[in-house]
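Quick notes on the structure that follows.
Please treat every number below as a calculation from the coordinates, not as lab data. A quick note: this is a predicted structure, and the numbers were derived from the prediction, not measured. All Cβ positions, even for glycine, are placed from backbone atoms using ideal geometry, and neighbour counts span all protein chains on display.
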Amino acid sequence: MECDVCGSHNVLQRTIEQRLVEECQLCGHLQGDDDAVRAIEELQDGRERGFDDTVIPLVHALESTEVFRVVRASPAPGARRESPQVLFRLDKGETAYLEHLMRAIEFSNRTTKRRWIVELSLQHELLYVLKPRFMKPPTEVTPTEIEQACADLPRLARSLRRDLGRGL
């Protein structure tokens, strides 16, 4: 086996993040199955940026358009009664991208347990907040409802990755 980047023949098969890939022992380049390499690189990038593993796929789904830039993302903390949310900005000032995102979220809401929405928030700059919608005060949201929202994260990420890739 030869490294696709540096040409080294010192390439070993390794399991990284439960995925079998080939890693160059000279330059560290990963190669092999494109989906496995992409998933590993997304996890590593997300961790470097301080994101929890459970929200990293959703962060990358949003940022795959190169229009949305995630500022902060948090899963529901264990003991606190907070729901997961992703705060992002629009790097390009065109609202057509927001409309496309909202359509993608509406399609996702057909398969998620909770209804997901986007709200505006002013926090030193205008940010958009992707979060589950609960039709009650935050103090009345149950742990089960928060668990449902957390369980939606992978499904929402897959759906947005698929739907945002179309038409932007």
_Cβ-defined net charge surrounding Leu43, 9 Å radius [Lys, Arg +1; Asp, Glu -1]_ = -4
*asked:* I need to check one value: relative contact order of segment 93-152, counting alpha carbon pairs closer than 8 Å and at least 6 residues apart, in percent.
replied: 28
*asked:* Projecting each Cα onto the charge dipole of segment 62-156 (Lys/Arg +1, Asp/Glu -1 at the beta carbon, about the Cα centre), which of Phe88, Val129, Thr112 comes out farthest on the positive side?
replied: Thr112
*asked:* Suppose the Debye formula is applied to equal point scatterers at every Cα of segment 1-77; what is log10 I(q)/I(0) at q = 0.11, 0.15, 0.22, 0.26 Å⁻¹?
replied: -0.35, -0.60, -0.95, -1.12
*Rounded to 10°, Cα long-axis angle of helix 34-48 versus longest principal axis of the chain*: 60
*Using a 10 Å cut-off on Cβ atoms, rank the peptides 147-159, 118-130, 40-52 from the highest mean neighbour count down.*
147-159, 40-52, 118-130
_Relative contact order, percent, the chain [alpha-carbon distance under 8 Å, six or more residues apart]_ = 19
*asked:* Can you tell me the convex hull volume per residue for the chain, based on C-alpha atoms, in Å³ to the nearest whole number?
replied: 145
*Once the piece of chain linking Ser74 and Ile16 is laid out straight, how much longer is it, given 0.36 nm per residue of separation minus the C-alpha distance between them?*
18.5 nm
*Relative to the Cα centre, what is the charge dipole magnitude of segment 1-48, using +1 at the beta carbon of each Lys and Arg, -1 at the beta carbon of each Asp and Glu, and rounding to the nearest 20 debye?*
180
_Defining a contact as two alpha carbons under 8 Å apart and six or more residues distant in sequence, what relative contact order in percent does segment 1-48 show?_
26
_Kirkwood hydrodynamic radius over Cα pairs of segment 78-168, then Stokes diffusion coefficient at 37 °C and 0.692 mPa s, in µm²/s_ = 233
